[in-house]
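Data first, discussion second: the structure below is written as structure tokens.
Please treat every number below as a calculation from the coordinates, not as lab data. This structure is a prediction, so every number in the text was calculated from the model and none was measured. Cβ coordinates were reconstructed from backbone atoms using ideal geometry, including for glycine residues, and neighbour counts include every protein chain displayed.
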Amino acid sequence: MAQPNCSNPTEYPVHLQCKRAKGRWTVVKFRASEESSWLMVPTDSQELVFHSRFISENDLIGATTQKTVLVHMTAADQMAYKRLCGDINSASDSDSDPESHFSEAPMRGENQNPLESPEVIKLISMINESNAKMIETQQQNFSALFSNVMDSVSFSFGAAVKTIAARPQKMTVPKFAGKTEDPSTWMCLYEKACKNNSWTLDEEKIDNLLSVLEPGSIAEKWYNSRMLQDIEPNWELWRRSFLSAFGQNPIQLLHDAQQYRYESGNLLEYYYEKQRLLNLAFGCLPARAFNLLVLQGLPSYMQTHLLAMDLDNREDLLKSLERLKPMAVRAELRNGRGNGVEQNNTFKTNHRRPANLVTTEHRTEEADD
């Protein structure tokens, strides 16, 4: 055993080896004298707080990762360290050096605070560690639960959006008064709306028909009269009755188509209106016959210009009319009628103007001569 310190014969110099890991200092080894072997301090007792009676962080200033510190301990303190390190069996105290005969005392002395004893500090450390693990587990569980909830909400929202996107949008139909509208075109539009709005039953088609008839018109009166006559709701019978009641005279349709002529304005507007009237009057026409009837309503200088081109189908005629637009404007300017073209962009005919309705254009098959 080392010689007693001259300044205090009851204390002896010992060495404590300290290491720093993860920013914290710990006491890892104990040596009673320079001749003794190093004893390993148990892992659960290496915290610096267990050895605060002999060493503090101030003693380790300037060290980086490891430092051996010389401290002074009483014989009882040395014995307690040896027991802590497992070097001495507590039952063999009576056979040891005479200097070791002492009453066992805590490492911190008889007057130490019970809350600062190694056992209490160790217990508190274990409790804190357990609480930290429990909090970490709860946070992980909450994160997993939150992630599952968000995934579920995202999936439900996506499914709802897809359902809404796939659902047919409500379609509106222009009011029918029974005066200038084309009944066949309007009926095609209404039946398309029935399909789009999921009105599949005959009763639904008949009931919703009233909502798209002009209030107070002859069409509404026809509907009320038909309701009084109808015994069993049958949409096909209603459809035929509608077309029969509001169908136009074929001779009048032919007359309207032939008398419709271009005088001024937009050539494309003339083309599409002429096409509508020809479809009503003749139905399906060969391409050559259709083109000639359209040319018939144009001024002679336009007819001469267009007949010089190869007009094999309707598309050729339409493209030629688009290219002819500047020529038509220049001709009207020369004739002194440019103001009406530039400002109003309308065309004059001796035929009544078509009704301001959204109609479905009849598509006819084209046939070449």
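Pairs Lys29/Lys122; Lys19/Lys133; Lys22/Lys82; Lys175/Lys195; Lys175/Lys205; Lys179/Lys319: which exceed 23 Å Cα-Cα?
Details: Lys29/Lys122 18 Å; Lys19/Lys133 25 Å; Lys22/Lys82 27 Å; Lys175/Lys195 18 Å; Lys175/Lys205 15 Å; Lys179/Lys319 34 Å.
As for pairs spanning more than 23 Å Cα to Cα, those are Lys19/Lys133; Lys22/Lys82; Lys179/Lys319.
From the residues Ala245, Asn208, Gln229, which one has its Cα farthest along the dipole of the range 183-246 in the positive direction, the dipole being from +1 and -1 charges on Cβ of Lys/Arg and Asp/Glu about the Cα centre?
Ala245
If you build the convex hull over the alpha carbons only and average its shadow over all orientations, what do you get for the range 183-246? Give it in nm² to one decimal. Present the calculation step by step, with values, prior to reporting the outcome.
Values: hull surface 16.0 nm².
Averaged projected area of the range 183-246's Cα convex hull equals 4.0 nm².
What nm value, rounded to one decimal, do you get for the distance between Leu243 and Ser33 when each label is placed 7 Å out toward the C-beta?
Roughly 12.5 nm, to one decimal.
For the range 272-315, what is the Kirkwood hydrodynamic radius in Å, using each pair of distinct C-alpha atoms?
11.0
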